[in-house]
Structure formats: structure tokens, C-alpha cells
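Some notes on the structure that comes next.
The values are calculated or read from the model by the stated rules, or taken from the named source; none is laboratory data. Treat the numbers as computed from the prediction; the structure is a model and nothing was measured. Methodologically, a virtual Cβ is constructed for each residue, glycine included, from the backbone with ideal geometry; neighbour enumeration extends over all protein chains shown.
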Amino acid sequence: MNPQLLALITAVAWGVGGYFEKKGLQAGNLPPQVGITLRTAVALVVLAAVSWPQLRLIPAAGGRSLVLLIVGGGVVAGSVGMLCFYAALKGAPLNRVMPIAFTSPLFGVLAAMLLGGEALTVKTVLGMLMTVGGIVLLTV
């Protein structure tokens with residue numbers, strides 16, 4: 001499938017999912033940690049079912065690959081990021097939380113440039129400025 005279409009589906013899923021997550025936290029008066037635990041438990045079941053045939057590839061991936069995935073995806077994004085996101089959802093209106101939370105591409109681009117050696121282009125700078133401008137417009 002086209003990567004841009006997959007990215008758009010991701011954005012829709014995360015945006016709509018955020019709406020339901022906020023409503024669920026409010027409706028049950030649940031703490032953010034409980035919400036993220038439920039989300040992660042369900043995701044684990046679904047993702048394990050989808051990836052079952054490929055799980056045998058894990059030992060061959062190598063230690064560095066696994067550490068990068070565990071630290072980046074499990075600790076930084078999956079735990080710290082999601083706990084903060086859920087706490088923000090619980091404490092503020094969705095129209096304030098989502099634009100700020102989804103500045104993540106800015107930080108991904110910065111990490112790719114600073115840590116991964118990706119080039120900074122005029123197009124990238126303009127896109128980042130437009131993203132920040134849109135966020136400021138939505139949150140002021």
C-alpha cells in the first residue's frame with residue numbers, strides 16, 4: 001500500500017482514537033495510567049495476532065535492533081509518551097492537546113537530522129514552520 005496513504009490512515013486512526021480515549025477516560029473517571037494500560041493490552045493482543053508468523057524473526061534481528069526498538073518504542077514513545085498523552089487528554093480539551101501532541105514529526109525530523117545525519121532542506125524547514133504556525137493558530 002502507498003506509504004502516504006498509510007500515513008494518512010495513521011493520522012485518522014490516532015485522531016479519532018484520541019477522541020474516544022478522552023471520552024473513555026472522562027466517562028469512567030479513570031486515571032490516565034489505567035487508560036493507557038487498557039489501550040496497550042488490547043493493542044498487544046491485536047498486534048500479536050497480526051505479527052504471529054513473523055515473531056520467529058526476533059532472535060535474528062540482533063541486539064542493537066532490539067535495544068533501539070525497546071528503548072525508542074517501548075520506553076520513550078510507548079510508555080513516557082503515551083502516559084503524558086493520556087494525562088494531557090484527561091486534563092485538557094482535545095482541541096488543545098492534539099495539535100501539541102502531534103508535533104511529534106518535528107521532533108522526529110530533528111532527531112533524524114541530529115542523530116541520523118539526514119539533510120536539512122528548505123522544504124523541510126518550511127514544512128516545520130508551517131506546522132508550528134498551524135499549532136499556534138489552533139492553540140491560541
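Data for the structure
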quantity: Residue, surrounded by the fewest Cβ atoms within 10 Å (Cβ to Cβ), within the stretch 98-108, restricted to residues that are of a type in the set (Gly, Ala, Ser) and within 18 Å of Leu126 (Cα to Cα); calculated: Gly108
quantity: Every residue from the stretch 91-103 that is under 16 Å from the mean Cα position of the chain (by Cα) and more than 14 Å from Met130 (Cα to Cα); calculated: Leu94, Val97, Met98, Ala101
quantity: Close pairs (6 angstrom Cβ cut-off, 6 or more residues apart or separate chains): under 15 Å from Phe85 (Cβ atoms) in the stretch 2-26, modelled with pLDDT under 90 anywhere; calculated: Gly18/Met98; Lys22/Leu94
quantity: Residue list for the stretch 31-44, restricted to those being under 16 Å from Cys84 (Cβ atoms) and in contact with a helix residue (DSSP H, G or I) (Cβ under 9 Å, 6 or more places away or on another chain); calculated: Pro31, Pro32, Gln33, Val34, Gly35, Ile36, Arg39, Thr40
quantity: Close pairs from the stretch 77-97: first surrounded by 16 or more Cβ atoms within 10 Å (Cβ to Cβ), partner modelled with pLDDT under 90 and in a helix (DSSP H, G or I), Cβ under 6 Å, at least 6 apart; calculated: Phe85/Ala101; Ala88/Val97; Leu89/Val97
quantity: Of the criteria (1) in contact with a Pro (Cβ under 6 Å, 6 or more places away or on another chain); (2) aliphatic (A, V, I, L, M); (3) exposed (fewer than 11 other Cβ atoms within 10 Å of the Cβ), which one Val50 fails; calculated: (1)
quantity: Residue selected from the stretch 93-140 under the condition part of a loop (DSSP other than H, G, I, E, B) and of a type in the set (Ser, Thr, Tyr), by the criterion farthest from Ala13 (Cα to Cα); calculated: Thr121
quantity: Tally of residues being among the polar types (S, T, N, Q) and in a helix (DSSP H, G or I) across the stretch 1-22; calculated: 2
quantity: Residue satisfying condition, being surrounded by 12 or more Cβ atoms within 10 Å (Cβ to Cβ) and either assigned to a helix (DSSP H, G or I) or not assigned by TED's automatic domain parsing to the domain that holds Phe107 (or both), within set Leu44, Leu66, Leu55; calculated: Leu66
quantity: Those residues of the stretch 27-41 which are farther than 16 Å from Ala101 by Cβ, touching a residue at least 40 places away in the same chain (Cβ under 8 Å) and part of a helix (DSSP H, G or I), in sequence order; calculated: Gln33, Thr40
quantity: Residue in the stretch 109-124 that is surrounded by 11 or more Cβ atoms within 10 Å (Cβ to Cβ), under 30 Å from Gly24 (Cβ atoms) and free of Cβ contacts under 8 Å to residues at least 24 places away in the same chain present; calculated: no
